[in-house]
Amino acid sequence: MKLFLLWLAVHASQYVVFLYFLVVNSVYTALILLALRDIVRHAYLTTSRVARRQLASEFYFKPVSVIVPAHNEAAVITASVQALLNLHYPEFEVIVVNDGSTDGTLERLRLDFSLLPCAKPVRLQVPHEAIRGVYRSSAYRHLIVVDKVNGGKADAINAGINASSYPIFCSIDADSLLEPDALLKSSKLFLEDDELIATGGIIRILNGCTVRDGAVTEIGLPRGFLEAMQVLEYTRAFLSGRTGWNALKSLLIISGAFGVFRKDMVVAVGGYRKTVGEDMDLVMRLHRHCRDRGIPYKILFVPDPVCWTQAPFSLRMLLKQRNRWHRGMIDALLANRAMILNRKYGATSLIGISYFVFVEFLGPLIELFGYVSIPILYYFGMLNERFFVMLVLLAVFWGISINIGAVFLDIYNFRRYKKTSDILRLCVLSAAEFFGYRQIMLLERLIATVTFRKKGWGTQDRRVFEQKGTTV
Amino acid sequence: MLEILTQSPHFYDYVTAAVLLLGAFNVAEILFLLWNKARVERSDLKRQNLKRLASTALITATDPAALLPRPAAEEEFAAYSEAIASVLDSFEGEITIKAVQLISDLGIDEHYRRLARHRVWYKRGNAIDILSSFKLKSNKEFFLAVFRSETSLDVRYRIIYGLSRLTREHADIRALARLLSGLPYLTAKYTEDIFYNIITALKAAGNEAEFGIFMREILHDKTVLNLVKRDCLTACYAASCERGRGLLKEYYAAFPDEPEILIAAVKALARIGDFSVTADALKNQDWRVRLAALKHAHLCCMDMLPEITAMLRDPSYHVRLNAALALAKGGDRCRVALREAAAGPDAFAASAAAYALGQEDA
């Protein structure tokens with residue numbers, strides 16, 4: 001009986017792994033196809049003369065508050081703020097929230113932007129740690145700096161929301177650079193659709209690009225393997241992943257590095273929650289809030305407003321980041337567990353959240369199980385070697401197709417990477433991912449699954465991203 | 001269980017075929033990417049050159065059609081249409097006549113009219129956008145015909161947008177309003193853009209009064225959404241309708257319970273330098289109306305110092321802050337009132353006053 005049960009378990013598990021492999025790859029393929037349709041349509045309509053004319057119109061905007069949470073960002077904060085002050089936008093304010101930095105971030109800002117104390121009253125609409133002071137630049141009247149006690153990124157953005165004056169806010173990381181028209185492109189969606197409550201643009205990797213006067217002037221693939229691999233991952237995640245989820249009305253993440261929100265809705269859900277995955281958590285709560293109250297709403301990803309961000313350049317930093325992302329995702333799913341497989345939340349729950357639960361959360365466990373079972377099955381003589389080899393080949397080739405598909409979406413529609421060598425390298429990386437890189441990331445996600453209760457961000461090393469037009 | 005699969009006679013043949021197909025597909029994708037990159041680069045270069053050539057020919061040559069090669073490929077049509085639309089936007093007189101002539105000489109309008117009936121809706125939408133950028137009067141009948149047969153709402157909205165740029169007389173506005181009311185309300189910005197186009201087209205034709213007649217017609221028309229009336233007023237604001245002064249005041253008086261219309265009227269009047277309703281708006285029950293009036297209060301209402309000072313204790317944060325800012329811009333007498341409020345017992349009024357004083361000092 002015991003032997004029969006063991007036999008049954010082994011065979012059932014093989015079936016689960018095989019089925020999982022088929023489902024996951026089919027989902028990714030479907031997302032790419034959906035994304036292709038969406039991106040081509042979007043590109044067609046946004047490049048028309050009327051669309052460009054409207055984008056340039058001085059009446060075609062709503063004022064926006066750009067909120068930049070900064071904790072120990074002295075190395076990059078000046079260049080980042082300068083880039084934001086150069087945005088092409090008729091009316092906006094930049095609110096830098098110094099979240100209890102200990103590396104002189106506030107001093108750097110004070111010196112570089114001639115900050116003066118300002119008695120701006122701050123409404124307590126969403127909770128955050130105490131504010132120590134509010135400053136305004138005497139050189140740039142639309143630059144405000146809020147100095148507060150350290151409370152984490154979510155807490156800092158909450159303080160920024162309270163200090164902001166405009167109905168729409170854009171949150172952006174301090175180590176990121178917005179393209180000059182990114183704010184126009186993303187905020188115009190709020191004018192075109194009254195139901196829109198949140199939107200996010202694409203995040204691209206700054207490493208390998210040349211920055212001059214706070215703007216990316218030359219785009220190139222970074223030389224390092226890890227950084228270049230992240231370009232591929234971001235391209236896949238944003239252009240096939242988020243655009244695909246968009247088409248299914250199930251977008252659950254608007255990147256914390258660049259998201260634009262309607263302030264009243266974010267205030268209505270109580271602002272950001274203190275967690276490492278505050279971006280996903282907020283979007284899930286927005287979905288929940290609107291669905292619970294029957295408020296018609298839209299949360300959209302748009303592929304053309306671009307935010308450039310620094311990617312980790314060492315394996316240690318990369319693993320730390322991925323660990324944090326995975327913990328954040330688990331925390332957001334747990335906090336919003338009422339939405340899991342709940343018909344009340346429609347496609348968002350049945351498609352979007354199900355994907356995150358069964359693929360993103362359980363996926364690493366199933367994949368690990370697959371890897372571990374290979375030697376065990378082999379040892380007991382139960383491994384069908386021919387089947388195993390064919391399955392591995394199929395998995396790798398299908399995975400490569402999905403990766404190249406994402407590269408195709410990018411190069412075909414946006415043509416950011418213009419050098420042939422860069423395109424070919426991305427194609428090579430599409431294959432290289434399956435031989436070591438994927439397994440290392442899997443291991444880190446498993447560690448994150450086990451330690452998901454751990455709080456905290458840890459520190460990230462930064463490169464100064466501008467030295468008179470040098471490459472990052 | 002997997003044995004059921006693996007023992008089927010053709011299982012491995014199918015899997016091998018799938019692997020080979022995926023491999024071939026990957027190689028094909030890479031080759032297509034590289035080929036497409038080269039194609040797009042060539043096409044971009046050609047497009048830029050053609051655009052430059054067309055613009056130069058339009059400005060310098062007497063018969064540009066004789067100099068320019070006839071377009072055949074899509075990118076050639078796109079290059080010409082961009083050059084022509086840009087010339088039409090920037091020039092007047094003889095050059096625009098030549099540009100309009102070139103559209104028909106090179107068959108550009110015919111090409112986009114064909115595309116406007118394409119089976120893919122966004123291609124139809126794009127063709128309509130391009131045709132509307134030409135602002136050709138002759139396209140009016142075509143747009144109306146396409147509108148009747150069009151099934152996509154997105155394209156229908158674009159057709160109305162195109163028609164709004166061709167408005168010349170009162171009948172056109174009525175026709176447009178009818179088409180617009182047949183579709184679901186899209187967004188404030190869209191409707192405002194439509195009316196903005198109408199006003200600017202009428203202004204250019206010296207017929208601005210026609211829009212006033214239209215606005216008077218819909219003033220008490222219950223079938224027209226108040227949202228649309230508000231968008232008309234916002235368009236007046238954007239287009240600075242100097243002649244609509246009286247009508248804007250009538251709208252302000254006719255909708256005392258519609259804050260959105262009141263706000264639009266206050267703003268539109270202020271833009272043309274008329275602050276006659278601002279004082280009344282400062283007393284409105286809706287905080288948004290008070291806020292809109294406060295933005296201009298320093299220009300007209302400093303005789304209302306006690307009322308504005310009282311607004312430093314308004315329940316709305318925005319009103320308090322803007323009342324303080326209005327006082328800060330209002331001269332010495334107002335600043336004295338602000339300093340008193342800043343030192344006063346009311347914490348809300350004090351913080352707003354201190355902020356405004358700090359702003360002014362800075």
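A count restricted to the stretch A:375-395 and to residues that are out of contact with any Ser or Thr (no Cβ under 9 Å at 6 or more places or on another chain) and within 14 Å of another protein chain (Cβ to nearest Cβ) stands at 9. Reported count of residues in the stretch B:237-247, each being touching a residue at least 40 places away in the same chain (Cβ under 8 Å) and assigned to a helix (DSSP H, G or I), is 2. When residues in the stretch B:325-362 are screened for being facing chain A (nearest Cβ under 9 Å) and within 18 Å of B:Ala281 (Cβ to Cβ), 0 of them pass. Considering (1) within 14 Å of another protein chain (Cβ to nearest Cβ); (2) more than 14 Å from A:Ala70 (Cβ to Cβ), the lone condition that A:Leu143 does not fulfil carries the number (2). The conditions are (1) at pLDDT below 85; (2) surrounded by 18 or more Cβ atoms within 10 Å (Cβ to Cβ); (3) farther than 19 Å from A:Asp194 by Cα, and B:Asp172 fails exactly one of them. Which is it? Of everything listed in (1) at pLDDT below 85; (2) surrounded by 18 or more Cβ atoms within 10 Å (Cβ to Cβ); (3) farther than 19 Å from A:Asp194 by Cα, B:Asp172 misses just condition (1).
The set of residues from the stretch B:119-137 being of a type in the set (A, V, I, L, M) and in a helix (DSSP H, G or I) comprises B:Ala127, B:Ile128, B:Ile130, B:Leu131.
Determine whether the stretch A:299-322 contains at least one residue that is among the aromatic types (Phe, Trp, Tyr), part of a helix (DSSP H, G or I) and either touching a strand residue (DSSP E or B) at 6+ places or on another chain (Cβ under 7 Å) or in contact (Cβ under 8 Å) with a residue 24 or more places away in the chain (or both). So far as the stretch A:299-322 goes, no, none of its residues is among the aromatic types (Phe, Trp, Tyr), part of a helix (DSSP H, G or I) and either touching a strand residue (DSSP E or B) at 6+ places or on another chain (Cβ under 7 Å) or in contact (Cβ under 8 Å) with a residue 24 or more places away in the chain (or both). Checked against the criteria, A:Ala12 does not count as in contact with a helix residue (DSSP H, G or I) (Cβ under 6 Å, 6 or more places away or on another chain), within 14 Å of chain B (Cβ to nearest Cβ) and either in a helix (DSSP H, G or I) or at pLDDT below 90 (or both).
If you go through the stretch A:176-196 and pick out every residue that is surrounded by fewer than 23 Cβ atoms within 10 Å (Cβ to Cβ) and over 26 Å from B:Leu291 (Cα atoms), you end up with 4.
It is to be established whether one or more residues within the stretch A:301-308 are over 15 Å from the mean Cα position of the chain (by Cα), over 22 Å from A:Thr451 (Cα atoms) and not aromatic (Phe, Trp, Tyr). So far as the stretch A:301-308 goes, no, none of its residues is over 15 Å from the mean Cα position of the chain (by Cα), over 22 Å from A:Thr451 (Cα atoms) and not aromatic (Phe, Trp, Tyr).
The single residue among B:Thr234, B:Thr187, B:Thr191 that is over 30 Å from B:Arg114 (Cα atoms), within 14 Å of chain A (Cβ to nearest Cβ), among the polar types (S, T, N, Q) and surrounded by 15 or more Cβ atoms within 10 Å (Cβ to Cβ) turns out to be B:Thr234. Scanning the stretch A:140-150 for any residue that is more than 24 Å from A:Thr275 (Cβ to Cβ), in contact (Cβ under 8 Å) with a residue 12 or more places away in the chain, of a type in the set (Lys, Arg) and assigned to a loop (DSSP other than H, G, I, E, B) turns up nothing. Within the stretch B:194-222, how many residues are part of a helix (DSSP H, G or I) and either within 14 Å of chain A (Cβ to nearest Cβ) or not aliphatic (A, V, I, L, M) (or both)? Result for the stretch B:194-222: 14. Hey, among A:Leu442, A:Leu429, which residue is modelled with pLDDT of 90 or more and within 14 Å of chain B (Cβ to nearest Cβ)? Just a single option satisfies the conditions, and that option is A:Leu429.
Could you give me the residue pairs with C-beta distances under 6 Å whose first residue belongs to the stretch A:233-245 and is in contact (Cβ under 8 Å) with a residue 40 or more places away in the chain and in a helix (DSSP H, G or I), whose second residue is among the aromatic types (Phe, Trp, Tyr) and buried (at least 24 other Cβ atoms within 10 Å of the Cβ) wherever it lies, and which are 6+ apart or on separate chains? Every condition considered, the pairs that remain are A:Arg242/A:Phe301.
The values are calculated or read from the model by the stated rules, or taken from the named source; none is laboratory data. Because the structure is a prediction, the values reported are computed rather than measured. Here Cβ is always computed from backbone atoms with ideal geometry, including for glycine, and neighbour counts include all displayed protein chains.
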